[in-house]
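The values are calculated or read from the model by the stated rules, or taken from the named source; none is laboratory data. What you are looking at is a predicted structure, and each value in this text was computed from that prediction instead of being measured. Ideal geometry is used to build each Cβ from the backbone, glycine not excepted, and the neighbour counts take in all protein chains shown. The area values use the complete protein model at the heavy-atom level, side chains included, leaving out ligands, DNA and RNA. Shrake-Rupley method; radii C 1.70, N 1.55, O 1.52, S 1.80 Å.
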Amino acid sequence: MIKIFNTETLSLETFKPIEEGKVRMYVCGPTVYNLIHIGNARPMIVFDTVRRYFEYRGYQVNYVSNFTDVDDKIIKKAQEEGVDASVISERYIKECKKDMADLNVRPATTHPQATKEIPGMIEMIQSLIDKGYAYVVDDGTVYFSVRKDRQYGKLSHKNLDDLQFNMRGIAVSGEDQKQDPLDFVLWKPKKEGEPFWESPWCEGRPGWHIECSVMSKRYLGDTIDIHAGGEDLIFPHHENEIAQSESANGEPFVHYWMHNAFLNIDNHKMSKSLGNFKTVREIDAAYDPQVLRLLMLSAHYRSPLNFSAALMDSAKASYERITSCMNNLNFVLQGAKDEPLSDKEQESLQAADAFRVSFEKHMDDDFNTADALSDIFDLVRFVNTNADAAHSKAYLEALKKELSTLTDVLGLIADRSASVQDEDAAWIEAKIKERAACKKAKDYARADAIRKECQERGFTLMDTKEGTKWEKN
Ligand code: AMP
Ligand code: ZN
């Protein structure tokens, strides 16, 4: 049984899918006007792991994550560069997908884009107007009337009168014609030089919140299992999504709301506007992106994580413990005997199974990846002490499978050699043989040159008492 902490009820709830064996999941994606920073990568990695765990548990996951490709910041950047807004958004969608692939974040089942969903947005806005939840003012702006939604505030646990009190400083200005300061924009008129679409109210563009209500409905249905994003989205974005979707559809919108805490730097939220961010690309230049993935999963997703170089270095050492364990396994497997499992080996595998059981217990508990990672390190320790060349192939293969399966649930690549092309592997094996012959002939200069050649091609050679091993850098 998987338990999820639901932001709406503020409690841990047992997951019950709408449809047996299936999960409908929507994750708010980035606004694409720049390279993503590692704070943006946190929800991507966290919810990709949630998806992987559901799949491991046998669910089929329909995973939808949008790209916000029309927005003030995109338009501003397009104007600065003198290009169309779509040039900017398409460029950064491509870059974002590259970062996701580097972080081993799988592509969503569908990645909708706001600009390609305008007819659906117009339809939902019209239905909100028809039902009396929204109104049009003179300049063609359409507002959602927050006080018409009796449940508004249920996700962020805000009270309308408190909100009103906090907004007294931004009482209705001359610029807008809101009936109430709480109301939010569904559609707004175009400004000079901005992208726009025809609509029944004016030539203009959608407000931000409506896209997620529309895409979620289109790709997943009126009611979905899980809606997720960073905790900054709880209010107003997700609160407004609920108001729009439930008022338009007359159905509950989301069963479980999940929100990740911030990735901080010097205890402040990492964000573009504060300028205290590091892009995924910068981190990738200095570390294997897998190190960043491991760092993100080393804390519970609902706990803030304070990014630092020291933390990255410690995550790097942890990741290397996993890859070198796998390398060792691969190495001993090469010379392993093709024999059936002995009784002792069978017993040992049963003991190793305890790590998987504990891993599942932790992941079932609101995706506690921090403790699930500890289980993986316990398994690594177990493999390091138990897997040697004296064992049967079947035993070593079973341990390898256990380690691969659990690391794969977290999206961590344990077996770096598996991603190496066959021809590279054959090349490096030949080099190791050649180097061994050089050493035997006491031609150490040539042996060193071969090591250097391997390094340049991206492989490190390690001399151990069992022979020379290699690792992809
Ligand atoms: P944005 O492009 O700002 O709309 O953000 C895209 C996603 O990244 C949203 O789910 C945000 O909540 C999330 N996000 C942005 N900054 C951070 C951060 N510093 N830590 C964690 N999540 C973040
Ligand atoms: Zn959204």
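Rounded to the nearest whole Hz, the Karplus-based 3J(HN,Hα) values (6.51 cos²θ - 1.76 cosθ + 1.60, θ = phi - 60°) of region 398-411 follow the sequence 5, 5, 4, 5, 4, 5, 5, 4, 5, 5, 5, 4, 8, x, with x at glycine and proline. Accessible area of Lys73 (1.4 Å probe, protein heavy atoms only, ligands and nucleic acids ignored): about 100 Å².
Charge dipole of region 192-297 (Cα centre as origin; +1 on each Lys and Arg Cβ, -1 on each Asp and Glu Cβ, all else neutral): 360 debye, rounded to the nearest 20. One quarter of the convex hull surface built on the alpha carbon atoms of the chain amounts to 26.8 nm², the projected area averaged over directions. Within the straight-line cut-off of under 20 Å between alpha carbons, the lysines reachable from Lys393 are Lys337, Lys344, Lys401, Lys469, sequence neighbours fewer than 8 places apart in one chain being disregarded.
Within the accessible area of region 56-164, the carbon and sulfur atoms contribute 45%, probe 1.4 Å, all protein chains present.
Seen against the Cα atoms of the chain and their longest principal axis, helix 369-386 is set at about 10 degrees. In this calculation the C-beta distance from Glu203 to Ala418 is compared with R0 = 56 Å, giving a FRET efficiency of 0.55.
For region 185-255 and region 114-134, compute the distance between their C-alpha centroids and round to whole Å. So the separation of the two Cα centres works out to 9 Å. When the charge dipole of the chain is built from unit charges on Cβ atoms (+1 for Lys and Arg, -1 for Asp and Glu) and taken about the Cα centre, the candidate among Phe355, Ser247, Ser314 whose Cα reaches farthest toward its positive end is Ser314.
Sorted largest first by accessible area at a 1.4 angstrom probe radius, with every protein chain in place, the residues His111, His237 fall in the order His111, His237. Full extension of the segment from Met1 to Lys191, taken as 0.36 nm per residue of separation minus the current Cα-Cα distance, would add 63.2 nm. Put a plus charge on the Cβ of each Lys and Arg, a minus charge on the Cβ of each Asp and Glu, and nothing anywhere else: the dipole of region 320-413 about its Cα centre is then about 360 debye.
Between Gln151 and Asn473, the distance separating the two model label sites (each 7 Å from Cα on the Cα→Cβ line) works out to 5.6 nm. In degrees from 0 to 90, rounded to the nearest 10, what is the angle of the helix 343-364 Cα long axis to the longest principal axis of the chain? Tilt of helix 343-364: around 20 degrees. Of all DSSP-defined beta bridges confined to the chain, some 50% are antiparallel rather than parallel. Against the chain, whose longest principal axis is taken from its Cα atoms, helix 309-334 shows a tilt of about 50°. At a 1.4 Å probe radius, carbon and sulfur cover how many percent of the accessible area of region 320-413? That share works out to 49 percent. Comparing Gln151, Phe367, Thr115 along the charge dipole axis of the chain, the residue lying farthest to the positive side is Phe367, per the Cβ-charge model.
For the residue pairs Lys97/Lys278; Lys278/Lys400; Lys77/Lys316; Lys76/Lys217; Lys22/Lys361; Lys16/Lys217, the C-alpha atoms sit more than 26 angstrom apart in Lys278/Lys400; Lys77/Lys316; Lys76/Lys217. Residues in the chain average 46 Å² of solvent-accessible surface per residue, probe 1.4 Å, ligands and nucleic acids excluded.
Dipole magnitude for region 3-260: computed about the Cα centre from +1 point charges on Lys and Arg Cβ and -1 point charges on Asp and Glu Cβ, it is near 780 debye.
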